[in-house]
Amino acid sequence: MPSLTFLGAARTVTGSKYLLELDGARVLVDCGLFQGLKALRERNRQPLPVDASSIDAVVLTHAHLDHCGYLPRLVADGFSGRIFCTQGTGHLCRIVLPDAGRIQEEDAEGANRHGYTRHKPALPLFTEADANRALLQLQLIGYDRPVPVADGLEVTFLNAGHLLGSSYVRVTLANGAGRTLLFGGDLGRYDRPVLPDPTPVEQADVLLVESTYGDRDHPPSDQGAAIAEIVNDTVARGGKLIIPSFAIGRVEEVLYWLRRLEDEKQIPQMPVYLDSPMAARAREQYSARLDELDPEIRETSESGGNQSRLHAEHRLCAFCTARFQVVTTSQQSRQLVEKKTPAIVVSSSGMATGGRVLNHLRATLPDERNTVLFVGYQAAGTRGRRLLDGEREVKIHGEMLPVRARIESIDSMSAHADSGEILRWLGGFTRPPAMTFLVHGEPAAMDALGRKIDERLGWPTAMPEHEQTVDLRPYLEK
């Protein structure tokens with residue numbers, strides 16, 4: 001029986017894992033970490049309902065941790081097959097997975113040292129060594145190149161426009177008269193800087209599509225006006241602007257807008273610090289793979305000149321400002337935390353759940369002169385969501401801190417398609433899928449998108465529960 005088991009991102013936005021089984025072959029599409037609410041994070045510690053050693057292959061849509069971050073644990077538990085992904089995804093995984101392993105080890109060590117854990121001792125979910133072992137199993141594939149991944153299953157990666165290397169995964173059943181499943185991963189956006197528009201798709205027999213913003217539309221682009229207002233207001237108050245940012249992908253758009261606003265003289269030239277070693281390495285990958293980015297980025301890189309500040313000998317200036325600095329060492333980061341002069345600090349993590357940004361938040365949240373700007377989705381249960389929800393105290397490193405700084409968010413910078421963009425992409429299908437499964441969304445957003453698809457397209461949809469197994473025969477044998 002061909003079947004699909006939803007091991008993550010079912011009625012929630014994180015932990016993407018989908019187990020496809022066909023004629024004895026087992027392929028896991030995505031292998032992500034659960035993030036956010038404690039009840040979700042605890043799923044990371046629970047064993048999968050399938051033996052890791054029985055999985056033939058893993059296929060990744062992209063390199064965000066909620067899609068790839070469980071790989072080191074899967075390998076530690078006995079998975080020994082190949083991990084198929086695009087070249088961009090593979091290069092980013094080599095950055096994010098060892099870093100995630102180090103953070104796991106540091107967090108466990110800190111919890112044991114300071115005693116803020118119920119577990120004696122606290123153990124990391126996986127280690128940096130586990131992550132490095134997983135990287136040895138990567139198999140990098142180009143876009144639009146069909147490749148067999150297991151008996152009877154062939155995979156093609158299509159550019160999703162969500163992140164460098166991001167893709168939809170089209171699975172073709174070799175013995176199924178060309179029947180296809182399309183795993184949408186995270187869907188990118190239209191007419192945005194840095195990344196290309198999502199690739200149009202004409203058909204699939206079974207479709208999985210994300211629903212993160214299925215109940216809302218992003219505000220129209222204001223060409224950076226909101227960022228300019230926040231920067232100028234913070235400078236006028238003599239404060240710091242802290243931007244918690246996803247290290248992979250979002251940093252590049254933040255830097256793009258800061259540079260553009262400087263060029264247009266809408267904000268002053270001021271110190272801009274990138275305090276995230278992982279984000280700095282990801283920035284290098286973006287700069288090295290400009291051919292996969294939005295045509296505007298490629299055009300400015302080729303033309304050079306004052307507008308782009310990009311020269312052949314210094315391609316990284318595609319994503320920099322006039323007074324831009326990369327913070328490399330922990331000592332430099334501590335010195336930056338102690339500085340009180342106006343500056344912009346971009347640091348990870350994007351939901352303020354860990355990383356160096358926590359040190360900056362500890363120093364800036366109690367001071368009303370400062371601003372914290374969130375530029376991406378904040379999952380339920382994260383520190384970022386709590387700050388946006390208006391909590392006046394937050395705990396960081398075991399200490400309760402007052403929140404007096406200005407808290408702002410800009411949803412238009414999200415890399416996830418909104419409701420209208422999802423429907424626009426679905427409208428490109430020339431025939432409807434036999435079934436569309438809605439995944440990667442909180443229940444309210446998912447339910448809203450399901451209603452819209454029914455009203456506008458008349459397609460059948462389903463919203464599987466966690467660990468639900470679906471028989472695919474009714475959809476593949478028509």
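Where a number appears in this text, it was derived from the coordinates with a stated rule and is not lab data. Keep in mind the model is a prediction, meaning the values are calculated, not measured. Don't worry about glycine lacking a Cβ; one is built from the backbone with ideal geometry, like all the others, and counts go over all protein chains shown.
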What's the FRET efficiency of R145 with L37 using the Cβ-Cβ distance as r and R₀ = 45 Å, to the nearest 0.05?
0.70
Structure shown: which of K17/K38; K38/K340; K120/K339 lie over 26 Å apart, alpha-carbon to alpha-carbon?
K38/K340; K120/K339
Restricting attention to the range 340-394, which trypsin sites (Lys or Arg not before Pro) occupy a DSSP loop and are surrounded by at most 12 other Cβ atoms within 10 Å?
R392
About its Cα centre, how strong a charge dipole does the range 225-413 have in debye, to the nearest 20, once Lys and Arg get +1 and Asp and Glu get -1 at the Cβ?
780
Along the charge dipole of the chain, Cβ charges K/R +1 and D/E -1, which of A76, A111, H91 sits furthest on the positive end?
A111
Neighbourhood charge, 13 Å Cβ-Cβ cut-off, centred on L138 and excluding it, Lys, Arg +1 and Asp, Glu -1
+3
For a quick check of your reading of the filter: which chymotrypsin sites (Phe, Trp or Tyr not before Pro) in the range 57-151 sit in a DSSP loop and have no more than 13 other Cβ atoms within 10 Å?
Y116
What does the convex hull of the Cα atoms come to per residue for the range 225-413, in Å³?
111
Report ³J(HN,Hα) in whole Hz for each residue of the range 440-451, in order, from the Karplus equation J = 6.51 cos²θ - 1.76 cosθ + 1.60 where θ = phi - 60°; Gly and Pro get x.
6, x, 6, x, 4, 5, 5, 4, 5, 5, x, 5
Note: N112 to Q335 extended length (0.36 nm per residue) minus current alpha-carbon separation gives 77.6 nm
Quick one: in the chain, what % of C-alpha pairs are over 36 Å apart?
27
As straight-line cross-link partners of K265, the qualifying aspartates and glutamates (C-alpha separation under 19 Å, not fewer than 8 residues apart within one chain) are D222, E229, D233, E253
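Write out the GluC sites (Glu not before Pro) in the range 443-478 meeting two conditions: DSSP loop, and at most 11 other Cβ atoms within 10 Å of their Cβ.
Within the range 443-478, the qualifying GluC sites (Glu not before Pro) (loop, at most 11 other Cβ atoms within 10 Å) are E465.
As a test of the formula, what do you get for the chain when each DSSP H run with n ≥ 4 contributes -39,500 (n - 2.57) and the sum is divided by the residue count, at 222 nm and rounded to the nearest 500 deg cm²/dmol?
Taking each H run of at least 4 residues, the total per residue is -9000 deg cm²/dmol.
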For helix 87-114, report the angle its Cα long axis makes with the longest principal axis of the Cα atoms of the chain; keep it between 0 and 90° and round to the nearest 10°.
70
Assuming R0 = 35 Å, what is the FRET efficiency of R362 and E202, from their Cβ-Cβ distance, to the nearest 0.05?
0.10
Starting from the 7 Å offset along Cα-to-Cβ, what nm value, one decimal, do you get for the label separation of S221 and A236?
2.7
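Once fully extended, how much extra length lies between L423 and I396, figured as 0.36 nm per residue of separation less the alpha-carbon to alpha-carbon distance?
Value of the extension gain: 5.8 nm.
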Beta carbons within 10 angstrom, averaged per residue: use that to sort the peptides 411-419, 9-17, 229-237, highest first.
9-17, 411-419, 229-237
For E284 and R82, what is the calculated FRET efficiency with R₀ set at 30 Å and r taken between the beta-carbons, to the nearest 0.05?
0.70
Taking the Cα centre as origin and putting +1 on Lys and Arg beta-carbons and -1 on Asp and Glu beta-carbons, what dipole magnitude results for the chain, to the nearest 20 debye?
1300
